[in-house]
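Visitor: I have a structure I would like to understand better, so I am pasting it below and will then ask my questions one at a time.
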Amino acid sequence: MALPEQGKTTPESEKKTADLQQQEAVLEPHEQSEQSLQTAKQQVQETVAEGEDKLEEDSKNLNASLQDQVGQFKQDLLQRMDTLKSQLSLSQQDLSELKDFLKAEFSQIVDELSQWGKEVKEDVTQISTKHKDNLAATLKRSKDHTLEVWNNKVNKS
């Protein structure tokens, strides 16, 4: 087997060189894809971590704000109750009478609302029945008219 002279290539060596170049051409985009994938993964992880941090911070701020609002509400409520207590210097008997009066009024209101609800339900039922009857009559007229027109067309043909 003769060695090729320097500067001259054999078909086998050209084929091997071409194969190596093809492999490198295929591997290079693959390696670039791998690097891009790793970079994208890192960016996603960083974004997720930043999002988690921001969400946690927002949650803490919202919780603190909510706690402040609840505290302010409690303070306002206690202040209003103190004002009412100072305005109502009633005896135990007066308070008991007031309680009985309010209980009777609320019971009467509940009874009236219950009666009103029953009346509304009856009215709705009557309206629904009338609507159903009217709809059925309209459909029957429409059907009869359609059949009449159909029969006239068929008889003329």
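The values are calculated or read from the model by the stated rules, or taken from the named source; none is laboratory data. All figures in this text were calculated on a predicted structure; none of them were measured in a lab. We work out accessible area using only protein heavy atoms, side chains counted, and drop any ligands, DNA or RNA first. Shrake-Rupley method; radii C 1.70, N 1.55, O 1.52, S 1.80 Å.
Visitor: Just to confirm, what accessible area per residue do you get for the chain at 1.4 Å probe, in whole Å²? Before the final figure, lay out each step's value.
Guide: Numbers: 15280 Å² over 157 residues.
Per-residue accessible area for the chain comes out at 97 Å².
Visitor: Taking the chain as the reference, fit the longest principal axis to its C-alpha atoms, fit the long axis of helix 92-156 to the helix C-alpha atoms, and give the angle between the two in degrees, 0 to 90, nearest 10.
Guide: 70
Visitor: Here's a follow-up. LEU78: accessible area at probe 1.4 Å, nearest 10 Å²?
Guide: The value for LEU78 is about 110 Å².
Visitor: Report the number of Lys pairs in segment 30-139 whose alpha-carbons are under 18 Å apart, with separation of 8 or more residues or on distinct chains.
Guide: So the count works out to 4.
Visitor: Semi-axes of segment 6-157's equivalent ellipsoid from the Cα gyration tensor, sqrt of 5 times each eigenvalue, largest first, rounded to whole Å?
Guide: With the √(5λ) rule applied to segment 6-157, the semi-axes are 79, 55, 8 Å.
Visitor: Can you bin every Cα-Cα distance in segment 48-116 into 5 Å intervals starting at zero and give me the percent of pairs per bin, rounded to whole numbers?
Guide: Bin by bin from 0 Å, the calculated values are 3, 13, 8, 10, 10, 10, 11, 9, 7, 6, 6, 5, 2, 0.
Visitor: Further question on the same structure: By how many degrees, between 0 and 90 and to the nearest 10, does the Cα long axis of helix 11-87 differ from the longest principal axis of the chain?
Guide: 20
Visitor: Once every DSSP H run of n ≥ 4 in the chain is given -39500 (n - 2.57) and the sum is divided by its residues, what mean residue ellipticity at 222 nm do you get, rounded to the nearest 500 deg cm²/dmol?
Guide: Details: 2 runs with 142 residues, N = 157.
Mean residue ellipticity at 222 nm (helix-derived): -34500 deg cm²/dmol.
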